[in-house]
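Down below is the structure, laid out as structure tokens.
The values are calculated or read from the model by the stated rules, or taken from the named source; none is laboratory data. All of these numbers come straight from a predicted model, not from anything done at the bench. As a convention, Cβ positions derive from the backbone with ideal geometry for all residues, glycine included, and neighbour counts pool all protein chains shown. Note: areas computed on protein heavy atoms with side chains; ligands, DNA, RNA excluded. Shrake-Rupley method; radii C 1.70, N 1.55, O 1.52, S 1.80 Å.
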Amino acid sequence: MKHFYVITNGHKDRDLEKTNYIREYLEKHNRKCTVQGMEEERHYTDSAKIPWDVDCILVLGGDGTMLEAARDTVNRDIPLLGINLGTLGYMAEVEENGLDAALDRLMEDRYEVEPRMMLTGRVMRGSYHRRLHEERGICRTEIEESYALNDIAVTRSGSLQIIRFQIYVNGQFLNEYHADGVIVATPTGSTGYNLSAGGPIVEPKAELILMTPICPHTLNTRSIILSPNDRVELQIGEGREGSIQQVEVNFDGSRTLTLYTGDKVEIEKAVMTTGIVKLNRVSFLEVLHKKMSET
């Protein structure tokens, strides 16, 4: 690798000590290093500003910074290497004390790139929004689309409430959930929100879709594991006595949209993947053991 692009979480490297160290180390070894402008919004990366010849993106921060970088650069097909400046990170390959050795391996092309499955989610506006559009003279159906490396979660918004969801898989009705929310996750995201909600941990190189209810109001609701080729639809039902429910959909915990009764989110495997740079042969189970021992 000859040209590196650095994305830094400014809250975890406030004086840019680690960022500047990496740039100086690479330039000393006759490599090119471009650092994301610090005037930009935290975590946000304009992929159009990444030079065409960049070989690798170095992401300094934690899992949240990695997720945002993956979403922002989804159309560039550039592998990411996470450098952990946080506390608990499953996605960061490199700890601070192993920085020099990691950079050496990259410059010597001693690495592998592991493709990770992503999700795409489309928000389809329902009857509540159609009524609003008609009142405002808008004659189109509004559609939003975004991507996620970890998960797409629909959760309650505002006051405490039980949300009613209708779940469809490939157009076939599966179940109605009464819960605080629903998480649809990738294998990479199995150790994130899905894990906190009691969902299973999955080897990140696997290809499948996890669906886990958040605090379901029943004793027999568990996670469901689906094929990567399945299409999941989460439709927002009516509240008590036919009231309009207001909830939120979150893509990797960053991109957030408000949903109302009648809206639905269509989720399926994305065409694009995220390339994660792997520098060692440590197994996922070894990493999992280490991270769980730290908590």
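Checking the structure you have, find out if any residue of the stretch 64-73 is outside any strand (DSSP E or B), over 17 Å from the mean Cα position of the chain (by Cα) and under 19 Å from VAL94 (Cβ atoms). No, the stretch 64-73 contains no residue that is outside any strand (DSSP E or B), over 17 Å from the mean Cα position of the chain (by Cα) and under 19 Å from VAL94 (Cβ atoms). If only residues of the stretch 186-205 that are open to solvent by less than 50 Å² (accessible area, probe 1.4 Å), more than 14 Å from LEU288 (Cβ to Cβ) and part of a loop (DSSP other than H, G, I, E, B) are counted, the one that is modelled with the highest pLDDT is THR186. Check LEU208, LEU234 and return the single one that is of a type in the set (A, V, I, L, M) and more than 15 Å from ILE167 (Cβ to Cβ). From the options LEU208, LEU234, the qualifying one is LEU208. Of the residues that sit in the stretch 74-98 and are modelled with pLDDT of 90 or more and part of a loop (DSSP other than H, G, I, E, B), which one is farthest from ILE22 (Cα to Cα)? The selected residue is ASN75.
Of all strands (runs of 3 or more DSSP E) completely enclosed by the stretch 209-295, which ones contain at least 1 residues that are closer than 21 Å to GLN172 by Cβ? Result: 209-214, 224-226, 232-236, 264-278. There is at least one residue in the stretch 66-75 that is of a type outside the set (A, V, I, L, M) and surrounded by fewer than 17 Cβ atoms within 10 Å (Cβ to Cβ).
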